[in-house]
1. Quote the relative contact order of the chain in percent (integer), defining contacts as alpha-carbon pairs under 8 Å separated by 6+ residues.
2. Quickly work out the residue 170-to-residue 2 label distance, labels modelled 7 Å from Cα along the C-beta direction, and quote it in nm with one decimal.
3. Work out, step by step, the length gained on full extension between residue 234 and residue 211: first 0.36 nm times the residue separation, then minus their alpha carbon distance; give nm to one decimal.
4. When the chain is modelled as a GNM with alpha-carbon springs shorter than 10 Å, which of 179, 106, 41 fluctuates the most?
5. With a cut-off of 8 Å between alpha carbons and a minimum separation of six or more residues, what is the relative contact order of region 1-108 in percent?
6. How would you rank 39, 165, going from fewest to most other Cβ atoms within 10 Å of each one's own Cβ?
7. Obtain the radius of gyration and the Kirkwood radius of region 21-98 from its C-alpha atoms and give Rg over Rh.
8. For the chain, modelled as a Gaussian network with Cα springs under 10 Å, which listed residue fluctuates most, 85, 167, 204?
Ligand code: FPP
């Protein structure tokens, strides 16, 4: 039986977050430039988005460009931004056909003007779609997101709109970039690295972590199904005992 057939559709994670890592090493292993890895990484993005949508996963959040990634060689940064624009242009029709709603989180003002504009245009175009919510984390850093939420709340306190004692976990969460989204139940990281790298630190408090040796350009739909199956075999207890959850 294929991995897909073994998945219990009643117990799907609602939200899957992915750290797409290993594009550079994949390309290097083939004697090619890093950018070649990113281009092939897009093929994995397409495959995984399709597969998640088919299954009925509601939210997929991809770590596409971290706040720290701005420090990469200028040529690589430019290439990734151009790849983002060309991918949005190429894939928009498919996103519409598949009822995917595009979303983005991060310090989006830092994106080059054209990239920012294309992104907002694509988000707007897909805004009425009701299927998978595909969120791209761009210029994203979780600590920055948390500080940003604190600033928003502090401004409301300063204006008298909010009392400090009314700040609770839910309100804090609502003020993150991901406000309104459920927290991820499953976090996948490719390329054999066992780090979180400043990704969704608040949101993954109870997520199951899944690490695979596969490099991102080699990670395809079957690998997503395998990760979901692994997740379904685990017992999620949220601090309770085994007897309480069964
Ligand atoms: C990690 O591999 C990948 C990135 C920082 C970029 C991710 C971008 C894409 C998959 C393409 C653009 C995506 C969209 C949705 C248009 P790495 O470069 O860190 O690899 P390494 O660890 O082997 O160096």
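What follows draws every value from the coordinates through simple rules; no lab data is involved. None of the values given here were measured: they were computed from a predicted structure. All Cβ positions, even for glycine, are placed from backbone atoms using ideal geometry, and neighbour counts span all protein chains on display.
1. Value for the chain: 29 percent.
2. Result: 4.1 nm between the two label points.
3. 6.9 nm
4. 179
5. It comes to 29 percent, rounded to a whole number.
6. 165, 39
7. Result for region 21-98 is an Rg/Rh of 1.00.
8. Its mean-square fluctuation being the largest, the pick is 167.
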